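Novice: Here's a structure for you.
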Amino acid sequence: MQNPASSLFDELDAALQSGASEKRIAILRRVTDLFLYDANRLNEDQIRVFDDVLGHLILKVETRALAQLSTRLAPVDNSPREITLKLAHHDEIAVAGPILTNSTRLTTHDLVEIAKTKSQGHLFAISERANVEPAITDILLDRGNRAVRHSVVNNAGAQISEHGFATLLKAAETDDALAEKTGLRLDLPLQLLRELLLRATEAVRARLMAKMPPEFQDEVDRTLKEVAEKVARDSNKTRNFDTALRLTKLLKERGELTDGKLRAFAADRQYEEVVAGLSVLCAASIEIIKPLMESPRDEGLLIACKGAGLSWQTTHAVLACKYPPESMPLNLTDKLEAEFAKLTRPNAERLLRFWQIRQS
């Protein structure tokens, strides 16, 4: 009587030789069954044999069979490495999804590479993993769409870096639901929670308080009061720009209102002189520059600084003037610098002229 293992390998050889899809699928299932039956007893050399065999079998197999294989291998900690990678990189999310979400065989490097290059469906599948490292969540939040961002925020096992939280805060400006979910993350740094609450609508603040665990409500309530007091102080504080405007115009006439001079004003936190100097350099009124300095968003101020011909170093110092001393989120710097570099001075000047005409 023929040995069952010998029979299987004879069938395997016949399937590979014939190229018939039905035969390949039948053998694929049997080889997978054989691997799964003994998976916890196999060493790496034996697993590589299965890797090689499965790699040949899937070359001409339909997507549905690959999706079934992916589902079966995904929970196995020692699944064949190469076949697992091939399935994870597959363009069809039905094939890649189970592996991306559940396989522990994938390394951080594997996941980063896939997250950088594959579709939103692949990103979403990765975002649902039990544990997601910051190097991966950074890419998910930078590349991902709304569904991916919400999935990351909802996943308690996703570790979010300061860069990641900064990306979330930016997106949360136009997504109240995301703002709420971000505010409820227990790992959100207090400084970023304050920033989120400062930028959030009253409705979002109220819902955050209602959903916050009791042990954190006192801290959030204290933060909300600080935000309210800051808003009240800023709104009641009157600033007189007349003297600063006369000074900066005189400096301009003398050729002394330079990039370095404005940076010195910003470094010394001479707020009125910074606003007036920026107004003079970019030929825009105080009424245009002042709201840009008071806005929680930074894009408008980037436009004014580019229109004034300022360097990035001086622009960064001007941006820092918007915040209390030493409280500008450092994790925003790289993103703002990239946006500033992409902006051209002619475009910035056109926007400033448009704002000036609209104001008039």
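Novice: Whole-Hz ³J(HN,Hα) for each residue in the range 60-72, computed from phi via Karplus 6.51 cos²θ - 1.76 cosθ + 1.60 with θ = phi - 60°, x for glycine and proline: what do you get?
Specialist: Result, ordered by residue: 10, 10, 5, 4, 4, 5, 5, 5, 5, 4, 4, 4, 6 Hz.
Novice: Add +1 for every Lys or Arg and -1 for every Asp or Glu among the other residues with Cβ under 14 Å from the Cβ of Arg350, and state the total. Don't skip to the answer; put the middle values down first.
Specialist: Details: positive: Lys306, Arg345, Arg353, Arg358; negative: Glu349.
Charge balance in the 14 Å sphere: +3.
Novice: Run the reach check for Lys249 against lysines, Cα to Cα strictly under 18 Å, same-chain hits fewer than 8 apart removed. What comes back?
Specialist: Lys261, Lys290
Novice: Next up: Calculate the dipole size of the range 28-144 relative to its Cα centre from +1 charges on Lys and Arg beta carbons and -1 charges on Asp and Glu beta carbons; express the result in debye to the nearest 20. Display every interim value, and only then the final one.
Specialist: Working: 14 positive and 17 negative charges, 65 e Å.
With Lys and Arg at +1 and Asp and Glu at -1, about 320 debye.
Novice: Ok, one more. Suppose every Lys and Arg Cβ carries +1 and every Asp and Glu Cβ carries -1, with no other charges. What dipole size does the range 108-200 come out with about its Cα centre, to the nearest 20 debye?
Specialist: Numbers: 11 positive and 13 negative charges, 31 e Å.
Dipole size: approximately 160 debye.
Novice: Over all alpha-carbon pairs of the range 115-164, lay out the pair-distance distribution in 10 Å bins, whole %, shortest bin first.
Specialist: Reading upward from the zero bin: 33, 62, 5.
Novice: So what is the accessible area of the range 34-178 per residue, in Å², with the probe set to 1.4 Å?
Specialist: Values: 6620 Å² over 145 residues.
Computed with neighbouring chains in place, this is 46 Å² per residue.
Novice: Mind checking which lysines have their C-alpha under 17 Å from Lys86, skipping anything on the same chain fewer than 8 residues away?
Specialist: Lys60, Lys116, Lys118
Novice: What Kirkwood Rh does the range 27-73 have if only Cα atoms enter the pairwise 1/r average? Answer in Å. Let's see the in-between values first.
Specialist: Working: mean 1/r = 0.0907 Å⁻¹.
Result for the range 27-73 stands at 11.0 Å.
Novice: Would you kindly derive the ³J(HN,Hα) couplings of the range 37-53 from the backbone phi angles with the Karplus curve 6.51 cos²θ - 1.76 cosθ + 1.60 (θ = phi - 60°), listing them in order in whole Hz, with x for Gly and Pro?
Specialist: Once θ is set to phi - 60°, the couplings for the range 37-53 become 5, 10, 3, 6, 10, 8, 8, 5, 5, 5, 5, 5, 5, 4, 4, 5, 5 Hz.
Novice: Tell me, what ³J(HN,Hα) does each residue in the range 136-150 have, in order and in whole Hz, if you take phi through Karplus 6.51 cos²θ - 1.76 cosθ + 1.60 with θ = phi - 60° and put x for Gly and Pro?
Specialist: 8, 5, 4, 6, 4, 6, 6, 9, x, 7, 4, 4, 5, 4, 5
Novice: Which whole-angstrom value gives the distance between the alpha carbon centres of the range 239-292 and the range 168-207?
Specialist: Rounded to whole Å, the Cα centres lie 33 Å apart.
Novice: Count charges around Gly144 for me, please; just the other residues with Cβ under 15 Å from its Cβ, Lys/Arg as +1, Asp/Glu as -1. Show your work: numbers first, answer last.
Specialist: Numbers: positive: Lys116, Lys118, Arg129, Arg143, Arg146, Arg149, Lys170, Lys181; negative: Glu128, Asp138, Asp142, Asp175.
Net charge around Gly144: +4.
Novice: Residues with amide H under 5 Å of Ala158's amide H, sequence separation 5 or more or different chain, H placed in the peptide plane at 1.01 Å from N; which?
Specialist: Val132
Novice: For the pair Ala206 and Glu113, how long in nm is the line joining their label points, each one 7 Å along Cα→Cβ?
Specialist: 5.2
Novice: Further, regarding this structure: By per-residue mean of other Cβ atoms within 10 Å, what is the highest-first order of 315-321, 24-30, 122-128, 40-46? Mind dumping the intermediate values first?
Specialist: Working: 315-321: 21.0, 24-30: 18.6, 122-128: 23.4, 40-46: 9.9.
Output ranking for 315-321, 24-30, 122-128, 40-46: 122-128, 315-321, 24-30, 40-46.
Novice: What full-extension length gain, to one decimal in nm, is calculated for Gln120 and Lys342 as 0.36 nm per residue of separation minus the Cα-Cα distance? If you can, show how the numbers build up before the last one.
Specialist: On the way: separation 222, 0.36 × 222 = 79.92 nm, distance 2.53 nm.
So the chain would gain 77.4 nm between Gln120 and Lys342.
Novice: Sticking with this structure for a sec: Setting aside same-chain residues fewer than 8 positions from Lys342, which lysines have a Cα under 21 Å from its Cα?
Specialist: Answer for Lys342, where 21 Å is the Cα cut-off: Lys170, Lys306, listed by chain and number.
The values are calculated or read from the model by the stated rules, or taken from the named source; none is laboratory data. None of the values given here were measured: they were computed from a predicted structure. Cβ: placed from backbone, ideal geometry, glycine included. Neighbour counts: every protein chain shown. Surface accessibility is based on the protein's heavy atoms, side chains included, excluding ligands, DNA and RNA. Shrake-Rupley method; radii C 1.70, N 1.55, O 1.52, S 1.80 Å.
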